[in-house]
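First up is the structure itself, then whatever we jot down about it.
The values are calculated or read from the model by the stated rules, or taken from the named source; none is laboratory data. Since this is a predicted model, take the numbers as computed values, not measurements. No Cβ is skipped: glycine too gets one built from the backbone with ideal geometry, and neighbour counts run over all protein chains shown. The area values use the complete protein model at the heavy-atom level, side chains included, leaving out ligands, DNA and RNA. Shrake-Rupley method; radii C 1.70, N 1.55, O 1.52, S 1.80 Å.
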Amino acid sequence: MQELVIETKELTKRYGDLTAVDKLNLKVHAGEVFGLLGPNGSGKTTTILMLLGLTEPTSGSVKVLGFDPVRQPLSVKSRVGYLPELVGFYDDLTARENMIYIAKLNGLPRREAYQRIERALKQVGLEEVADKHVATFSRGMRQRLGLAEILIKEPKLIILDEPTQGLDPEGAREFLELIRKLKGQGITILLSSHILSQVQKICDRVGLFYRGRMVLEGTVRELAREVLGSAYRIRLEAQGSPEAIIKALKRIPGVQEVSYQAPDIYELRAEEDLRAEAVRAVVEAEGKLRGVMVEEPSLDEIYTRYFEKGGVEK
Amino acid sequence: MRPSREGSPWTGLWAVVTKEMADHLTSARMQILEVLIALTALGTVYAAVQEIRAVIGHDPFLFLKLFTVNKDPLPAFVGLMGFLVPLVAIALAFDAVNGEFNRRTISRVLAQPIYRDALLFGKFLAGFFTLAIVLVTIWLLVMGLGLIFLGVPPRGEEVLRGLIYLGACVFYGGIWLALALLFSVVFRQPATAALASMAVWLFFTAFWGMIADVLAPVLRPVRFGLPEEFLAQIQAALALSRISPNILYGEITLALLRPEVRALGPLLTFQLQGAILGSPLPLSQSLMLIWPHLTGLIASTILLFALSYVLFQRQEIRA
């Protein structure tokens, strides 16, 4: 098994009567992108603050990169990059000046800091506006500057809180692309979001939060199998006798459900990718195949279905 | 027993101090205040020089008169500083902590390998140093103008008394700085923090004297008309009024810059036996008079800072 980057045991945080995080057991391995997903107020930010030692847990334990954030916050914070939700900057300073301040707080020697700042600015594509005041920056540029600032630490772990919040779809896509590149450099990434569909594509594993508990955990496919009962949905477009086609499709081993959605459109649910078998079945039923498409399950659907099924009571 | 925290609480302190000082010294707010202060220094000193030339001939402490002599309608330099120092100090700190929250920079800064201690103390030190720079500049300005207008160099003791007065000014500002910092931790809105600080300052400037005068007869009533009772009442009023930093500052100024002042409270005739009236006290004796005042100023600064420290440590940083 790979090295554990984050490990929490029975981690709990209470504010008065409210339990923000309830007995959380979270494990994140080196090199993976883990998504903390869930609605606002479900304990994602509180969890992140505890990982960084910015808030003390009520009970339970945390280990980040082998350090205890409560007792060794400096070791943790010098190795972990954190981008808060809707990050703010000193608007009357330039992008570079903002970064210099952070480099100084990290105790980087001057020359080293300047080199790293140049490199980081280039990496996020802000080198041309480096000497402009941050007040003129758009939300997307601020978010990228925030990421650049993290990179000057050369972190082993990056924690992003709602990184796509307030970005337009194009900006969000570009930002996620940047994150994907960082993953390629072997950096472990933990990100939180309430917009499930946006982050689904870049997360290796996700944990779904609800009211302070992590109610589901695993790869999107695993979750789909657990919640939806079938991970694959195959849509077929075929002309021919519907009865014969449906009968043929139902005969394929592993198919869970076949539905006739619209004229000449069929949908089947299965645990495996059964496209080839489905195509053969249609042809054998003397149907004329027009198209076949497989749909990956979406997190949104998993989430909705989970709560419809009363998963909360589980 | 809990194991101790790793590392020094002052990691990153100087990064915070230099950044905050750079902000202060370049901010429009500070530039306005500096102009204001330079103007008042010039105005009051010029007026004082006119007055000194006209009225006072051979005073051994001619230079100190620059600070204390006024010519109507302008108040004396020390009087104006009594107003301006708190104003500058409050302006330097009222948005120190809540400003970080409002700009959403606090979590970003605290996610760096520093403790909260460094951020708060760094902000206080930056304000304190900025205040000191401003006051030293004005002090030099006044002394320089004095040299030009009066045409005589100051004596060593005058310089020394002037320097101690300067130090007292900085610590007087320190109280208001710590107060504004405290309010910037307590209130989320910088405007509220500024108003609250100004309210406290106004309370001590305008109302506290009156309240002390009202309270003293209640605490030490004169029942039989004995002289002891009158004395006790006066001393009670004095002790009460000294809770106000403005009064402390005023008395420090008086003892330092007017060496002929022999006591800051009531003097009884027998205490004056053998004294040559009007002759100046040596510096060491003047210092003895204001020593409790100075320690009081510094102690309350530390107390206020400690309070904001505790409150800041307990604050949740999520915006």
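Which pairs have Cβ atoms under 6 Å, sit 6 or more apart or on different chains, and link a residue in region A:23-47 that is within 21 Å of A:T58 (Cα to Cα) and within 14 Å of another protein chain (Cβ to nearest Cβ) to one that is among the acidic types (D, E) and crowded, with 19+ Cβ neighbours inside 10 Å?
Qualifying pairs under 6 Å: A:T45/A:D161.
Taking the options A:P163, A:P155, name whichever one is surrounded by 20 or more Cβ atoms within 10 Å (Cβ to Cβ), away from every other protein chain (no Cβ under 13 Å) and not in a helix (DSSP H, G or I).
Of A:P163, A:P155, the one residue that is surrounded by 20 or more Cβ atoms within 10 Å (Cβ to Cβ), away from every other protein chain (no Cβ under 13 Å) and not in a helix (DSSP H, G or I) is A:P163.
What number of residues in region A:91-109 are within 7 Å of chain B (Cβ to nearest Cβ) and part of a helix (DSSP H, G or I)?
4
Go through (1) open to solvent by 50 Å² or more (accessible area, probe 1.4 Å); (2) free of Cβ contacts under 8 Å to residues at least 24 places away in the same chain; (3) outside any helix (DSSP H, G or I); (4) of a type outside the set (D, E) and name the single condition B:R188 misses.
(2)
Of everything in region A:80-90, what is in contact (Cβ under 8 Å) with a residue 60 or more places away in the chain, facing chain B (nearest Cβ under 7 Å) and part of a loop (DSSP other than H, G, I, E, B)? Give them in sequence order.
Matches in region A:80-90: A:P84, A:L86.
Which condition number does B:W10 fail, the rest of (1) aromatic (F, W, Y); (2) within 20 Å of the chain's Cα centre (by Cα); (3) not in a helix (DSSP H, G or I) being met?
Only one criterion in (1) aromatic (F, W, Y); (2) within 20 Å of the chain's Cα centre (by Cα); (3) not in a helix (DSSP H, G or I) is unmet by B:W10, namely (2).
Mind checking which pairs have a first residue in region B:250-262 that is farther than 18 Å from B:W139 by Cα and a second that is among the aromatic types (F, W, Y) and open to solvent by less than 20 Å² (accessible area, probe 1.4 Å), Cβ under 8 Å, 6 or more apart or different chains?
B:P259/B:F61
Tell me which residues, restricted to region A:65-74, are aliphatic (A, V, I, L, M) and facing another protein chain (nearest Cβ under 7 Å).
A:L74
Would you confirm whether or not region A:11-24 contains a residue that is surrounded by 15 or more Cβ atoms within 10 Å (Cβ to Cβ) and under 15 Å from the mean Cα position of the chain (by Cα)?
no
For region B:102-116, does any single residue satisfy the condition of being out of contact with any strand residue (DSSP E or B) (no Cβ under 8 Å at 6 or more places or on another chain), of a type in the set (G, A, S) and within 14 Å of another protein chain (Cβ to nearest Cβ)?
no
Which one of the conditions (1) open to solvent by less than 50 Å² (accessible area, probe 1.4 Å); (2) away from chain B (no Cβ under 11 Å); (3) part of a helix (DSSP H, G or I) does A:E118 fail to meet, given that it meets all the rest?
It is condition (1) that A:E118 fails.
Can you tell me which condition A:K77 does not meet? The list is (1) part of a loop (DSSP other than H, G, I, E, B); (2) buried (at least 22 other Cβ atoms within 10 Å of the Cβ); (3) facing another protein chain (nearest Cβ under 9 Å), and all the others hold.
Status for A:K77: all satisfied but (1).
Report, by residue number, each residue of region B:68-103 that is in a loop (DSSP other than H, G, I, E, B) and aromatic (F, W, Y).
B:F94
Looking only at residues that are buried (at least 20 other Cβ atoms within 10 Å of the Cβ) and not β-branched (V, I, T) in region A:53-64, which one is farthest from the other protein chains (Cβ to nearest Cβ)?
So the residue we want is A:P57.
Are there any pairs, at least 6 apart or on different chains, whose C-beta atoms fall under 7 Å, with the first in region B:16-36 and within 13 Å of chain A (Cβ to nearest Cβ) and the second of a type in the set (F, W, Y) and surrounded by 15 or more Cβ atoms within 10 Å (Cβ to Cβ), and if so, which?
Filtered contacts from region B:16-36: B:K19/A:Y101; B:M21/B:F129.
Just give me the residues in region B:117-167 being within 24 Å of B:E260 (Cα to Cα) and either of a type in the set (D, E) or within 14 Å of chain A (Cβ to nearest Cβ) (or both), in sequence order.
Those that are within 24 Å of B:E260 (Cα to Cα) and either of a type in the set (D, E) or within 14 Å of chain A (Cβ to nearest Cβ) (or both): B:E157, B:E158.
If A:L105 passes every condition in (1) more than 28 Å from the chain's Cα centre (by Cα); (2) surrounded by fewer than 21 Cβ atoms within 10 Å (Cβ to Cβ); (3) not aromatic (F, W, Y) but one, which one does it miss?
So A:L105 meets the others, but not (2).
Tell me which residues, restricted to region B:135-158, are among the aromatic types (F, W, Y) and within 21 Å of B:Q31 (Cα to Cα).
Hit for region B:135-158 is B:W139, nothing else.
Looking at the structure I just gave you, is B:R53 within 14 Å of chain A (Cβ to nearest Cβ) and either over 24 Å from A:G107 (Cβ atoms) or not in a helix (DSSP H, G or I) (or both)?
Taking the combined requirement at face value, the residue does not satisfy it.
Which residue is most open to solvent (accessible area, probe 1.4 Å), if the candidates are limited to region B:43-82 and must be of a type in the set (S, T, Y) and within 17 Å of B:L166 (Cα to Cα)?
Restricting to residues being of a type in the set (S, T, Y) and within 17 Å of B:L166 (Cα to Cα), the top hit is B:T68.
Would you check which residues across region A:185-219 are closer than 20 Å to A:I6 by Cβ and either without any contact (Cβ under 8 Å) to a residue 12 or more places away in the chain or among the β-branched types (V, I, T) (or both) and list them?
Residues satisfying the conditions are A:Q185, A:I187, A:T188, A:I189, A:V199, A:I202, A:V206, A:V215, A:T219.
Looking at region A:183-200, can you tell me whether even one residue there is open to solvent by 20 Å² or more (accessible area, probe 1.4 Å), closer than 29 Å to B:L119 by Cα and small (G, A, S)?
no
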